[in-house]
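Data first, discussion second: the structure below is written as structure tokens.
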Amino acid sequence: MSELFDKGLQIRKEVLGEEYVNNSINNATEFNKDLQELVTSYCWGSVWGREGISKKQEV
């Protein structure tokens, strides 16, 4: 994959848990495989990977 995907995958696993993320990616179908890659790369890697973004929400 790409560096952005790898970064997003790491963040996604930290926030959602490795088992959940692995399940989502390993069970991706031809229909939603591209969506999993897009979400992981851009939502998690690009957006959540920005400097200054906290992975923990304080209540």
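Laboratory data are not the source of any read-out in this text; all were calculated from the coordinates shown. Just so it is clear, the model here is predicted, and its values are computed rather than measured. Backbone-built Cβ (ideal geometry, glycine too); neighbour counts: all protein chains shown.
Between the helical axis of 3-16 and the longest alpha-carbon principal axis of the chain there is an angle of about 70 degrees. Sparsely packed loop sites in the chain (the chymotrypsin sites (Phe, Trp or Tyr not before Pro) outside DSSP H, G, I, E and B with at most 14 other Cβ atoms within 10 Å) comprise F31. What the Cβ-Cβ distance of A28 and K55 gives, at R0 = 25 Å and to the nearest 0.05, is a FRET efficiency of 0.60.
Max-minus-min Cα coordinates of the chain on each principal axis give 36, 21, 15 Å, with the largest extent listed first.
Label sites at Y20 and E3, each approximated as a point 7 angstrom past Cα along Cα to Cβ, lie 2.9 nm apart.
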